[in-house]
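The values are calculated or read from the model by the stated rules, or taken from the named source; none is laboratory data. Keep in mind that what you see is a predicted model, and the values were worked out from it rather than measured. Cβ sites come from the backbone with ideal geometry, for glycine too, and all protein chains shown count toward neighbours.
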Amino acid sequence: MKLLFNVIILNEYTTGAFVASVLLSEVSWDKQQFINDCNIDWDIELDVSDNEDALVSKIGNITIAIGFVPEPVPNKEAEYYAEANYLWPDAAKVTKSHKAHILITVFGDNPDALKKGKLFTKIVSSCLKQNNAIAVYTDCMVFQPEFYQNIAVCMQLEHDSLPIFDWVWFGLSRTKNGVGVYTYGMRKFGKDEMEIYTTNANLNELRNFLYDIVCYVLENDAILIDGETIGFSEDDKYRISFSKGIAVDGYSLKIECPQQ
């Protein structure tokens, strides 16, 4: 399992590298069920190995590394980030009860980050069918299994659909000057994280606005540039700036807030 943990450390912010831990309520996993579920759900055939606790498979030049870890996620990381999931009131309580996890990593030389992201989400979604799966920890957020799987299903219903809410967390932030919404998860697609702030706004509407921009950027492989504007019509333009992040580490794009 040491190799898998090294993959996480080396690729935490690397474009095209996807990592998740499926949290388990018991110290066990059904590897064969997982392999079968991937095949039935997504027509993904994973290599079968003699190692009961690990599985490494290649699809083209994309590598899928999966390992069962008979202990909780180290340093109570999952418990810490679960506190911020405003969409799941029981996130922290459920996360604290996990006793083991399945570590999933998808990476490789394929330059198509969206393709790797879709494959990753499919793998995680099938892994969540384990009887003792209680949550998924990825990109500094803990998701409810039903939420994650419902978003993933969109790829079954519509081939070109992107499971944005499984890829990008839209966090809420409060500062002394107002409220805002920020993204976490864009960097693995080679994009900058985004933030939008205002002194008076409906946070749901603000999140939906930022979601539309995220969809546009990922679907069109768009690059947002400091000093330019973005909008969805000629009369709908919002300034873009690039500066030190407020709610995210490093630098981020700041999008002008729509008029309320």
Out of (1) assigned to a strand (DSSP E or B); (2) closer than 16 Å to Gln144 by Cα; (3) of a type in the set (Val, Ile, Thr), what's the single condition that is false for Val94? (1)
Any hit, region 173-185, residues being surrounded by 13 or more Cβ atoms within 10 Å (Cβ to Cβ), touching an Asp or Glu at 6+ places or on another chain (Cβ under 7 Å), assigned by TED's automatic domain parsing to the domain that holds Lys115 and without any contact (Cβ under 8 Å) to a residue 60 or more places away in the chain: no
Go over the candidates Lys254, Lys237 one by one and state the one that is in contact with a Ser or Thr (Cβ under 8 Å, 6 or more places away or on another chain) and either at pLDDT 95 or above or among the aromatic types (Phe, Trp, Tyr) (or both). Lys254
Restricting to region 39-89, and then to whatever is outside any loop (DSSP other than H, G, I, E, B) and hydroxyl-bearing (Ser, Thr, Tyr), can you tell me which residue is farthest from the chain's Cα centre (by Cα)? Ser57
Out of Lys122, Lys129, sole residue that is in contact with a helix residue (DSSP H, G or I) (Cβ under 7 Å, 6 or more places away or on another chain), under 18 Å from Ile40 (Cα atoms) and not in a helix (DSSP H, G or I): Lys129
For region 103-112, check the following and say yes or no: at least one residue is under 18 Å from Ala54 (Cα atoms), under 11 Å from the mean Cα position of the chain (by Cα), assigned by TED's automatic domain parsing to the domain that holds Gly16 and modelled with pLDDT of 95 or more. no
Out of the residues in region 18-41 meeting the condition of being crowded, with 19+ Cβ neighbours inside 10 Å and among the charged types (D, E, K, R), tell me which one is nearest to Met186 (Cα to Cα). Asp37
